[in-house]
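All remarks here apply to the structure that follows.
The values are calculated or read from the model by the stated rules, or taken from the named source; none is laboratory data. Keep in mind the model is a prediction, meaning the values are calculated, not measured. Reconstructed Cβ throughout: ideal geometry from the backbone, glycine too, with neighbour counts over all protein chains shown.
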Amino acid sequence: MSLPQIIVLGAGLGGTIAAYELRETVKGRAEVTVINDSEDYWFVPSNPWVAVRWRTADAIKVHLPPIMKKKGIGFTAIGAKRVHPKENRVELNDGTSLSYDYLVIATGPDLAFDEIEGLGPDGYTQSVCKTDHAVAAADAFEELTKDPRPIVVGAAQGASCYGPAYEFALILDTELRRRKIRDKVPMTFVTAEPYIGHLGLDGVGDTKGLLESEMRDRHIKWITNARIPKVEDGMMHVEEVADDGSVKATHDLPFGFSMILPAFRGVEAVRGIEGLVNPRGFILADKNQRNPAFKNVYSLGVCVAIPPVGPTPVPVGVPKTGFMIESMVTAIAKNIGSELDGLEPTAEATWNAVCLADFGDGGVAFVAEPQIPPRNRNWSSSGKWVHLAKIGFEKYFLRKVRKGESEPFYEKLMLHVLGIRKLRFD
């Protein structure tokens with residue numbers, strides 16, 4: 001009799017660790033297979049460093065097939081064309097299919113650059129959402145340094161990831177000062193957030209004060225409640241929206257270099273599947289990370305549907321931070337393990353947020369417990385220690401992926417010291 005089949009769809013920050021943790025949890029009771037569209041894992045949090053050549057792309061890459069094989073995990077890089085949840089199968093890009101007993105969707109997002117004319121690497125702005133985007137951004141930045149002109153950085157309407165935009169703006173400032181040309185490069189930060197430091201979370205601790213202070217000190221102007229209707233070559237058109245939704249001001253911002261984070265949506269393989277996704281294509285999940293319509297489908301990470309923290313003049317999404325994603329991973333592994341034992345899932349991800357935003361010569365760290373207010377813990381801090389901590393985390397996480405570890409004992413110990421829980425139970 002064959003063992004139950006668990007498919008993990010996606011091998012990014014969440015999917016890779018989910019495969020490792022599931023393998024340890026269900027070893028001998030089920031088989032785990034990963035479907036991805038690439039053989040390589042990229043440590044996306046380091047992309048802002050790649051975009052100023054503080055890192056090479058190869059330095060943050062892990063080749064997955066040999067690690068998966070060593071761990072006893074099946075792996076294919078053919079990629080998924082369509083999920084068929086009523087048939088318990090995933091159709092691959094080559095026309096073949098893989099059947100599953102349990103599906104864990106960890107695809108990350110589709111980047112909706114096309115929703116704004118002229119946005120993105122195929123238009124006139126750069127991106128740090130993917131490592132190849134960051135490599136192209138680095139080339140564009142080098143060209144800017146030869147002919148200094150204004151920079152515009154930020155996050156478009158509907159975006160749900162703001163930390164990297166702040167990181168990159170302040171990293172650019174640091175690098176320009178190192179090259180002694182900062183005085184030749186005016187900078188503007190454009191964001192859909194209602195205020196600086198909102199982060200899609202209605203702020204965490206004093207992120208508003210900390211980030212505003214950093215940007216004032218570094219002479220970075222900002223526009224909040226911003227909607228970008230169009231980008232042209234060297235010119236960004238921005239509408240500043242009032243609380244009642246009307247346009248209270250328009251701004252035409254010339255630029256020689258721009259990086260704007262786009263809105264996210266669900267990937268093509270799941271978009272439009274009734275009962276599985278919301279209108280944007282994000283996976284619907286209950287408190288146990290399980291889809292209400294298809295009980296054998298779990299999801300984690302950026303692909304999960306989470307409602308915004310409240311109404312805002314311009315659409316602002318909710319981020320899913322690395323720690324929040326890992327808590328989802330652990331909950332899913334425990335819940336599938338329970339199902340294999342004939343029990344109902346009871347583990348819930350705590351959805352706590354732990355974030356390190358590096359500025360190159362300092363940074364801001366915050367802890368939100370839980371991520372959505374009201375909170376039991378609401379803390380933020382800044383200093384050079386954040387930059388050092390981010391470097392340490394990069395090295396630690398890449399080592400974890402390369403060794404096929406889901407959560408070494410010292411990570412558990414550190415979370416215990418911080419008093420942060422990954423899970424709660426019914």
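Taking the condition over 19 Å from His198 (Cβ atoms) and buried (at least 20 other Cβ atoms within 10 Å of the Cβ), does Val270 pass?
Details: over 19 Å from His198 (Cβ atoms): yes; buried (at least 20 other Cβ atoms within 10 Å of the Cβ): yes.
Yes: the conditions hold for Val270.
Of all residues in segment 370-415, those that are more than 24 Å from Trp42 (Cα to Cα), part of a helix (DSSP H, G or I) and modelled with pLDDT of 85 or more total 2.
This table checks each residue for (1) assigned to a helix (DSSP H, G or I); (2) closer than 21 Å to Ile196 by Cα.
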| position | (1), (2) |
| --- | --- |
| Val329 | yes, no |
| Gly342 | no, no |
| Pro345 | no, no |
| Ala368 | no, yes |
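In segment 114-128, what residues are outside any loop (DSSP other than H, G, I, E, B), surrounded by fewer than 21 Cβ atoms within 10 Å (Cβ to Cβ) and touching a residue at least 60 places away in the same chain (Cβ under 8 Å)?
Residues of segment 114-128 that are outside any loop (DSSP other than H, G, I, E, B), as a first pass: 114-115, 117, 126.
In the following step, the residues that additionally are surrounded by fewer than 21 Cβ atoms within 10 Å (Cβ to Cβ) were identified as 114-115, 117.
Hits for segment 114-128 are Glu115, Glu117.
Taking segment 80-107, which residues are of a type in the set (Gly, Ala, Ser) and either exposed (fewer than 13 other Cβ atoms within 10 Å of the Cβ) or modelled with pLDDT under 95 (or both)? Once the filter is applied, which keeps residues that are of a type in the set (Gly, Ala, Ser) and either exposed (fewer than 13 other Cβ atoms within 10 Å of the Cβ) or modelled with pLDDT under 95 (or both), segment 80-107 yields Gly95, Ser99.
Number of residues in segment 254-277 that are more than 19 Å from the chain's Cα centre (by Cα) and either within 29 Å of Val238 (Cα to Cα) or assigned to a helix (DSSP H, G or I) (or both): the value is 5. Ile196 falls short on exactly one of the conditions (1) closer than 24 Å to Asn352 by Cα; (2) part of a strand (DSSP E or B); (3) of a type in the set (Val, Ile, Thr), and that condition is (2). Out of all the residues in segment 200-207, is one or more surrounded by 24 or more Cβ atoms within 10 Å (Cβ to Cβ), touching a strand residue (DSSP E or B) at 6+ places or on another chain (Cβ under 9 Å) and in a helix (DSSP H, G or I)? The answer is yes; a qualifying residue exists.
One residue stands out among those in segment 313-324 that are surrounded by fewer than 24 Cβ atoms within 10 Å (Cβ to Cβ) and modelled with pLDDT of 85 or more: the one that is nearest to Phe393 (Cα to Cα), which is Pro319. Scanning segment 28-69 for residues that are surrounded by 16 or more Cβ atoms within 10 Å (Cβ to Cβ) and without any contact (Cβ under 8 Å) to a residue 24 or more places away in the chain gives a single hit, Arg55.
Mind counting the residues in segment 1-48 that are of a type in the set (D, E, K, R) and in contact with a strand residue (DSSP E or B) (Cβ under 7 Å, 6 or more places away or on another chain)? Break it down stepwise before answering.
Initial filter on segment 1-48 (of a type in the set (D, E, K, R)): 21, 23-24, 27, 29, 31, 37, 39-40.
Still in the running and in contact with a strand residue (DSSP E or B) (Cβ under 7 Å, 6 or more places away or on another chain): 23, 31, 39-40.
Qualifying residue count, segment 1-48: 4.
Any residue at all in segment 290-299 that is more than 23 Å from Pro370 (Cα to Cα), surrounded by fewer than 23 Cβ atoms within 10 Å (Cβ to Cβ) and of a type in the set (D, E, K, R)? Yes, because at least one residue in segment 290-299 is more than 23 Å from Pro370 (Cα to Cα), surrounded by fewer than 23 Cβ atoms within 10 Å (Cβ to Cβ) and of a type in the set (D, E, K, R).
Within segment 137-155, track down each residue that is of a type in the set (A, V, I, L, M), part of a helix (DSSP H, G or I) and closer than 11 Å to Ala51 by Cβ. Steps first, answer last, please.
Taking segment 137-155 as the starting set, the residues that turn out to be of a type in the set (A, V, I, L, M) are 137-138, 140, 144, 151-153, 155.
Now narrow it down to the ones that are part of a helix (DSSP H, G or I): 137-138, 140, 144.
The answer is Ala137, Ala138, Ala140.
Checking Val302, Val309 one by one, the residue that is outside any loop (DSSP other than H, G, I, E, B) and either within 18 Å of Glu91 (Cβ to Cβ) or not aromatic (Phe, Trp, Tyr) (or both) is Val302 and no other. Filtering Ala11, Ala77 for residues that are small (Gly, Ala, Ser), surrounded by fewer than 24 Cβ atoms within 10 Å (Cβ to Cβ) and either assigned by TED's automatic domain parsing to the domain that holds Gly342 or in contact with a helix residue (DSSP H, G or I) (Cβ under 7 Å, 6 or more places away or on another chain) (or both) leaves a single hit, Ala77.
Considering Asp233, Asp252, the condition of being more than 26 Å from Asn378 (Cβ to Cβ), without any contact (Cβ under 8 Å) to a residue 40 or more places away in the chain and either among the acidic types (Asp, Glu) or surrounded by 19 or more Cβ atoms within 10 Å (Cβ to Cβ) (or both) is satisfied by Asp252 alone. The single condition from (1) farther than 30 Å from Gly10 by Cβ; (2) touching a Phe, Trp or Tyr at 6+ places or on another chain (Cβ under 9 Å) that Phe264 fails is (1). One residue is enough: does segment 172-179 have a residue meeting the conditions within 19 Å of the chain's Cα centre (by Cα), crowded, with 23+ Cβ neighbours inside 10 Å and not in a strand (DSSP E or B)? Checked against the condition, which is being within 19 Å of the chain's Cα centre (by Cα), crowded, with 23+ Cβ neighbours inside 10 Å and not in a strand (DSSP E or B), segment 172-179 yields no hits at all. Per the conditions (1) small (Gly, Ala, Ser); (2) more than 23 Å from the chain's Cα centre (by Cα); (3) crowded, with 17+ Cβ neighbours inside 10 Å, the sole criterion not satisfied by Ala226 is (2).
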